[in-house]
Amino acid sequence: QVQLVESGGGLVQAGGSLSLSCVASGGIFSINAMGWYRQAPGKQRELVATITSGGRTNYADSVKGRFIISRDNAKNTVSLQMSSLKPEDTAVYYCNLNYSSAWSQDIYWGQGTQVTVSS
C-alpha cells in the first residue's frame, strides 16, 4: 500500500547544490517521521537526516551545516537541501518513512536515488 517516490538525484560538481524530495502515499494513517539515509559502495547504510512530524530534526555530523531537511505534513513530503557537496557525499540516497497505521507503527524504504558528486 505504501509508496515512496524519490526525486532530485543526479550528477553535481563538488561545491554545488542539489535538492531531493520524497513523497509518501498509500495506507498511511499518520506520519511520525521521515528522513534520508545513504549508502556508498562498500559501506553500510547510514543516517543523513530525519525530521518528525513536529519538526524535530536530527543530522549526521558529516552533513551538519551543509544539509537541511524539511517537511510538508499536508503533502506527506520530505525534502533534503544539500549544499557544499563533497565527493564523499556520493551515494544512493534512500527515503525513509516512519508511520502509524490504524494499529501499529512501521517503517518503509524508498527505492533510492543516486547522487554523484564529481571532483
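Of note:
- Top-ranked residue of the range 39-87 - restricted to ones that are surrounded by 11 or more Cβ atoms within 10 Å (Cβ to Cβ) and of a type in the set (Asp, Glu), ranked as nearest to Ser25 (Cα to Cα): Asp72
- Scanning the range 26-38 for residues that are among the small types (Gly, Ala, Ser) and either surrounded by 13 or more Cβ atoms within 10 Å (Cβ to Cβ) or under 12 Å from the mean Cα position of the chain (by Cα) (or both) gives Gly27, Ala33, Gly35.
- Selection of the range 66-91 for residues being under 21 Å from Gly16 (Cα atoms) and free of Cβ contacts under 8 Å to residues at least 60 places away in the same chain yields Arg66, Phe67, Ile68, Ile69, Ser70, Val78, Glu88, Asp89, Thr90, Ala91.
- Meets criteria (within 21 Å of Val115 (Cα to Cα) and over 11 Å from the mean Cα position of the chain (by Cα)) for Ser79: no
- Top-ranked residue of the range 1-12 - restricted to ones that are among the aliphatic types (A, V, I, L, M) and surrounded by 17 or more Cβ atoms within 10 Å (Cβ to Cβ), ranked as nearest to Ser84 (Cα to Cα): Val12
- Flag for Ser70 being over 14 Å from the mean Cα position of the chain (by Cα) and modelled with pLDDT of 95 or more: no
- Qualifying residues in the range 95-112 (those that are at pLDDT below 90, open to solvent by less than 70 Å² (accessible area, probe 1.4 Å) and part of a loop (DSSP other than H, G, I, E, B)) - the one nearest to Ile31 (Cα to Cα): Ser101
- If you check Gly27, Gly42, Gly15 for being part of a loop (DSSP other than H, G, I, E, B), in contact (Cβ under 8 Å) with a residue 12 or more places away in the chain and either hydrophobic (A, V, I, L, M, F, W, C) or farther than 12 Å from Met82 by Cα (or both), only one passes: Gly27.
- Subset of the range 92-103 (residues that are over 29 Å from Gly42 (Cα atoms) and either in contact with a strand residue (DSSP E or B) (Cβ under 7 Å, 6 or more places away or on another chain) or in contact (Cβ under 8 Å) with a residue 12 or more places away in the chain (or both)): Tyr99, Ser100, Ser101, Ala102
- Residue count for the range 91-119, restricted to those that are touching a Ser or Thr at 6+ places or on another chain (Cβ under 9 Å), of a type in the set (Ser, Thr, Tyr) and over 27 Å from Val2 (Cα atoms): 2.
The values are calculated or read from the model by the stated rules, or taken from the named source; none is laboratory data. In this text the structure is predicted, and so the values were computed from the model without any measurement. In this analysis, Cβ positions are derived from the backbone assuming ideal geometry, glycine residues included, and neighbour counts consider all displayed protein chains. We work out accessible area using only protein heavy atoms, side chains counted, and drop any ligands, DNA or RNA first. Shrake-Rupley method; radii C 1.70, N 1.55, O 1.52, S 1.80 Å.
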